[in-house]
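Okay, structure first, notes after.
No lab work stands behind these numbers, since they all come straight from the coordinates. Remember, it's a predicted structure, so these values are computed and weren't measured experimentally. Here the Cβ positions follow ideal geometry from the backbone for every residue, glycine too, while neighbour counts run over all protein chains shown.
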Number of protein chains: 2
Amino acid sequence: MKSSVLPLFTKISKHIFLLKSIRNGSLSRIFHARQFSCRIICSRSSWIHQNSAGIYIHVSLPWHRATTTVASQRIGFTLKTHSCGELTSSHAGQSVVLRGFLQYQRMGRFAVLRDIMGKTQVLIREEDKELSVALEDTPFESYVEIRGVVHQRPEEQYNKDMTTGEIEVIADSYKVLSRVQRSLPFLIRNYNKPKENLRLQYRYLDLRHEELQRTLKLRSRVAKKMRDYLQDVEDFVEIATPTLSVNTPGGAQEFVVPSRHPGQFYSLVQSPQTYKQLAMIGGFEKYFQFAICYRDEGGKPDRQPEFMQVDLEMANVTMEEVQRLIENLLVYSWPSHLHPILTPFPVMTYDETLSEYGTDKPDVRFEWKIKEVTDVLQDCGANTLETLVLQPGNSAHAFVIPEGQIVMKKKLLSTWEALAMREFNLNGLTTSLVKEDKKLRGNIARHLKLTSQQTLIEKLNASSGDIIVLAVGPTINVQKLLGKLRLLSASAMEEAGRRVRDPDVFNFLWVINFPLFEVDETTGKTISVHHPFTLPKNGDEHFLHIDPLKAKSQHFDLVLNGSEIGGGSIRVHDPVMQRFIMENILGIDSKSLGFFTEALESGAPPHGGIALGYDRLMEKICGGKSIRDVIAFPKSMAGRCLMSGAPGNITEDELNLYHIHVKKS
Amino acid sequence: MKSSVLPLFTKISKHIFLLKSIRNGSLSRIFHARQFSCRIICSRSSWIHQNSAGIYIHVSLPWHRATTTVASQRIGFTLKTHSCGELTSSHAGQSVVLRGFLQYQRMGRFAVLRDIMGKTQVLIREEDKELSVALEDTPFESYVEIRGVVHQRPEEQYNKDMTTGEIEVIADSYKVLSRVQRSLPFLIRNYNKPKENLRLQYRYLDLRHEELQRTLKLRSRVAKKMRDYLQDVEDFVEIATPTLSVNTPGGAQEFVVPSRHPGQFYSLVQSPQTYKQLAMIGGFEKYFQFAICYRDEGGKPDRQPEFMQVDLEMANVTMEEVQRLIENLLVYSWPSHLHPILTPFPVMTYDETLSEYGTDKPDVRFEWKIKEVTDVLQDCGANTLETLVLQPGNSAHAFVIPEGQIVMKKKLLSTWEALAMREFNLNGLTTSLVKEDKKLRGNIARHLKLTSQQTLIEKLNASSGDIIVLAVGPTINVQKLLGKLRLLSASAMEEAGRRVRDPDVFNFLWVINFPLFEVDETTGKTISVHHPFTLPKNGDEHFLHIDPLKAKSQHFDLVLNGSEIGGGSIRVHDPVMQRFIMENILGIDSKSLGFFTEALESGAPPHGGIALGYDRLMEKICGGKSIRDVIAFPKSMAGRCLMSGAPGNITEDELNLYHIHVKKS
């Protein structure tokens, strides 16, 4: 970047100013920056005039604001002139000052400097022995400064892999600004990345990897575009809500923070749910926030104790309007280098997702839908299956793995059988190969009548070489088992080299019509499927009083490629209904939320909203393997920061200040 | 707002599209929204063509992206057609649906609806008895819906105080969407505001006040413009850093968060200082974040346990570059309705601020500078003063309150004397009135030689009717006392009706050249004036080894109208210096920061940055009396949320989960 701390202005006439020491590139940035207190009347391609004195620009009055504004557009670094990613042959002959990490050096003569913008090759002249010795003596990853002249390489020596591959800088001076003073645990290379724990322990080094830099830049950029949409286009108001809050009944385990008031603790918010609803009651019609949320999940894989939500709420909206808003938000902020997304997103009901995909967050990038085959098995000749399928509450379902014979080994099957038993208490799982003669081969298939075999093959539209995965048992267990096996078999096929899911495609999906309540398996109590503030589906309100478990909700999930990345709903705004749900259906002690139902009694606008998991969304966008890949300083699975050692010990004084003891184990 | 969920497109030719059901206003918004994946080639004033069919716009290819982008610009609310602040006589005759709080009703015939955009008057026809009864039966602040027709008022009945004062809506239907079901503690009026504690307890009602809505909207808007500047113009990368961190030695008291690991606690970060420096070491050259920070200040007035900082850091910068950046940031994001700010901001050294204003955060909106008058008193005839001023380390300083005689009552003086004694252990305070004959009147003045009186008057450039406030004692105490009295007397003059400080003016100031270390008065230990990561001033490095207290720092404060709203510095990037400062000068146990000095050993770019207190800045911008006035859900001074009751009790299970007991008092 060229130094242009405060460009100099000269007034030429009322509306024309001469702008010195600013490059065309910077001015185009200025022009494209949006919010001026004055307007610059020129387009990128047609400056009013440009000569060696500078660029003449035409601005509207008042001129002092124009100069202030334009002058304020860009701060350069005076300590260097360019980044390591921008020099091309057009800079040949220029004197430059570069600063960067020493990526590499050879024989004290060739060096590669790296910064966040790219890499530049530096050459030390053979006669500059002193520089050469200094370079050779510098450990990799030290931070160094080169002053020198840009030199165009002969065309046949262009390095096409570097954006700066047309040039090299011939050094006149070389200075180590910050020498690496110990043996680094790893160097910054794009191959042979170290294990994750080592990378987390030395995260500041890991952050130098190009991939992580690109990811965090993109994370910042997408968030910015989301704000542009929400604030500039849709007039949302960003409201910061407290994170030090009060314990909310139900929901995830919340971290607690002891206060100076003995025995009294803050809870770190698991989401701004209550506050955003209070903002609606307070008359804000469009609220949003990139909210930090906290959940103590006690070491669940791929969760973080703190995470970020794009949290929003609107008064006077329908489910569909919130969905359209989110679609527009995503289209608006979608990185242009990615496969575009199509709107409106498809919608499925909860029941459909379960019966077709065996999960409420289906990966719809590939078909392999689950189908019910109960009728086929009811009179199939295989006694065990017939008996099983005829038991009340049981049914049979199946899906097809196209060309599945390439992965369907005995070992895989026994793993699946174990899984079926362990997680779903099911022993009615069978896999069969479809043979060329339209017959099935497999442990159970051979007991099936030939006609049943053919009906099954036809019903599932299977071909020779395909594998049919079939399970019998209690419906919901069968569906969920097959949903899981569908994903496992897709992975198996992909490992065997078949393309099942397109990793470049982003298939969003809305899932609606969730039940409002469910029965907690361990306690037998009725609990909310999502949270107690969700409104029943229109027309289902009466179920609250007669059979709550039958009520569907106005909740909707946003699913992307098999991951839930957001959940929203229209909320209860009627204090009587809210209290009824909490006290009579959920049996929640609503005392701690008394202030909230009181707020609902104060004239609450109808409202609804949604929260997107920003870490998860960015993980998908960046193709990461875990949300840790899109977080600058993540915790390990056990909730530890391997770099700083958090959590750690605190002093006796602090324990006293907060009136707590640590329990002896 | 008109409903325009997805405007319809018709392709007219390759580059021309007909855009239906979108109003000119929305399209101009669309055009002004910046980031398109395609460009719309038309300017606000010259659409390609507009007729009753819609607006013809000209877009660049690819057209499907154009349509997606433009179509995605605006979500309307289908449940209402307009806000309560937008109807004018141009809407006369239109059918509208409004939703808002019932601000007021009279006789069941006249009602005022209020939402975040404004107010609209509604009229119920005399013959619509049913509506009338329903309206009369509705408590104020209930949330209601009106369907009706806009009716232009006769011009003589225009209500100039309302933006919608040209019209009223004649209701066809009236519906209470959410009835107020209890006696509200207060109504939403711009006069007679309730006491703060009541407002905090019912913050959701308080938020309905126009002033608080305007404040929070502005807070959101200014933050957005800051992001526009930092991200779009300056290429900063927003990086979220953890709030659950490890205890940092020194600094403010940090909240602790017990973990599931017995005896191990997270600390809530008091600032992202360590992390942002690690981001620099990780190769990010421009980092920023609107960071939530936590400090347990134990009930200091006008502090909050959690607050927001505009936190930024840059590699390879000088102090002056950071200052220019902040000036540009503020100019760029400064609300246009306020008095503009002038850049560059003036700079004063720490020593100058102390000697001229008696504080390191001077309010420079008014003069009343403090001057040293030691020489005048050394031979002034008043024995007590002479003795006092001649003691080693002592000196005499004074400032003038122009026309101060109108406030200088005996009672005020005795309050000041008490303050001088209590806070600064000083008894050498005197106030004297300048009389017309160039003589002084006052308890001590009368002992002064006449020539000394005149010298004093001339030196201070005082006039008849002015008050001279003079103090003698240890220099620093005298300066600080006078600094405090200068502000108290300004307030006293303002209460007496004189204009001393212009409340509309924003005087920013940089303060530089702070000492790097100071001696803690209670422990006698050397401590950092700001924090241990601050670099000494160029040329002062040797003082670290020979006399650390003599070293000045590369720290700079940003002061606005007498409040410190930001502090920045160039940081130590040399691990040897950093360790020396921590271990040899500060005697900090650097073990817990071992990972940080290790990071500095890994090739750390030179870097510096700043953090602005966003709450404090917004308080100044909005003219609030406390930062609570610019925070949606603030805590009380005792750190309590008067609305939710946080902090509160937690369960025995939670105490067990986190391995803690509460101490019995």
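By the gyration tensor of its Cα atoms, with a ≥ b ≥ c the square roots of the eigenvalues, what is the shape of the range B:366-495: rounded for a/c under 1.5, prolate for a/b over b/c, or oblate?
Oblate, since a/c reaches 1.5 and b/c is not below a/b.
Inter-chain Cβ neighbour count for A:219-230, averaged per residue, equals 5 (cutoff 10 Å, partner chain atoms only). Here the mean projected area of the convex hull built on the C-alpha positions of chain A is 40.9 nm². Taking the empirical scaling 2.2 N^0.38 Å for compact globular proteins as reference, the range B:89-178 has a Cα radius of gyration ratio of 0.99. Reported value for the range B:421-485: 88 Å³ per residue, from the convex hull of its C-alpha atoms.
Among residues other than A:Arg199 with Cβ under 9 Å from its Cβ, the summed charge is +1 (Lys and Arg +1, Asp and Glu -1). Model label points for A:Glu494 and B:Asn197, set 7 angstrom from Cα along the Cα-to-Cβ axis, are 6.0 nm apart. Taken along its three principal axes, the alpha carbon spread of the range B:383-440 comes to 35, 26, 17 Å, from the longest extent down to the shortest. When the alpha carbon gyration tensor of the range A:229-299 is reduced to an equivalent ellipsoid, the three semi-axes, largest first, read 27, 14, 10 Å. The residues neighbouring B:Ile585, those whose beta-carbon lies less than 15 Å from its own, together hold a net charge of -4 under the Lys/Arg +1, Asp/Glu -1 convention.
By how many nm would the segment from A:Glu86 to A:Thr651 lengthen if fully extended, with 0.36 nm per residue of separation less the alpha-carbon distance? Display every interim value, and only then the final one.
Numbers: separation 565, 0.36 × 565 = 203.40 nm, distance 5.05 nm.
Here the segment from A:Glu86 to A:Thr651 would lengthen by 198.3 nm.
For peptide A:243-254, the mean count of partner chain Cβ atoms within 10 Å of a residue's Cβ comes to 4.
Amide H contacts of B:Phe633 (H built 1.01 Å from N, in plane; Pro and chain starts excluded): no residue 5 or more places away or on another chain comes under 5 Å. Using the membrane-span-like helix rule (whole DSSP H runs, Cα extent along the own axis of at least 24 Å, mean Kyte-Doolittle hydropathy at least -0.5), which helices of chain B qualify? Counting only whole DSSP H runs, the qualifying helices are B:475-495.
When the alpha carbon coordinates of the range A:507-604 are projected onto the principal axes, the ranges are 41, 33, 27 Å, largest first. Sorted fewest first by neighbouring Cβ atoms within 10 angstrom, B:Met117, B:Met577 come out as B:Met577, B:Met117. Legend: ranking of residues A:Glu238, A:Glu211, B:Glu86 from fewest to most surrounding C-beta atoms inside 10 Å; resulting order A:Glu211, B:Glu86, A:Glu238. For the range A:602-646 and the range A:99-177, what is the centre-to-centre distance using only Cα atoms, to the nearest Å? One Cα centre to the other: 39 Å. Largest first and in whole Å, the equivalent-ellipsoid semi-axes of the range A:133-229 read 29, 23, 15, each the square root of five times a Cα gyration tensor eigenvalue.
Pairs of Cα atoms nearer than 8 Å and 6+ residues apart set the relative contact order; for chain B it is 11 percent.
Ranked from largest, the principal axis spans of the Cα set of the range A:516-665 equal 54, 46, 35 Å.
Multiplying the residue separation of A:Lys217 and A:Arg125 by 0.36 nm and removing their Cα-Cα distance gives an extension gain of 29.5 nm.
Computing FRET efficiency as 1/(1 + (r/R0)^6) for B:Lys410 and B:Ile476, where r is the C-beta to C-beta distance and R0 is 22 Å, gives about 0.20. Given B:Lys119/B:Lys225; A:Lys224/B:Lys276; B:Lys276/B:Lys537; B:Lys371/B:Lys439; B:Lys361/B:Lys435, which pairs have Cα atoms separated by over 24 Å? In this structure, B:Lys119/B:Lys225; B:Lys361/B:Lys435 exceed 24 Å between Cα atoms.
Listed from fewest to most Cβ neighbours within 10 Å, the set B:His151, B:His397 follows the order B:His151, B:His397. The length gained on full extension between A:Asp504 and A:Asp379, counted as 0.36 nm times the residue separation minus their Cα-Cα distance, comes to 40.6 nm. Between copies, the label points at B:Glu297 (set 7 angstrom from Cα along Cα-to-Cβ) are spaced 3.5 nm, reported in nanometres from shortest to longest. Label-point spacing for B:Phe110 across the identical copies (point 7 Å from Cα in the Cβ direction), in nm and ascending order: 8.8. For A:Asn443, the label point sits 7 Å beyond Cα toward Cβ; its separations from the matching points on the remaining copies run 10.2 nm, from shortest to longest. By the rule of a C-alpha distance below 17 Å, with chain neighbours fewer than 8 residues away ignored, the lysines paired with B:Lys664 are A:Lys663, A:Lys664.
Can you pull a Stokes-Einstein diffusion coefficient for the protein assembly as shown at 20 °C (1.002 mPa s), Rh from Kirkwood over Cα pairs, as a whole number of µm²/s? Intermediate values should be presented prior to the final figure.
On the way: Rh = 35.4 Å.
The diffusion coefficient I find is 60 µm²/s.
Note on B:Arg147 and B:His661: their simple-model spin labels are 6.7 nm apart, each label 7 Å out from Cα toward Cβ.
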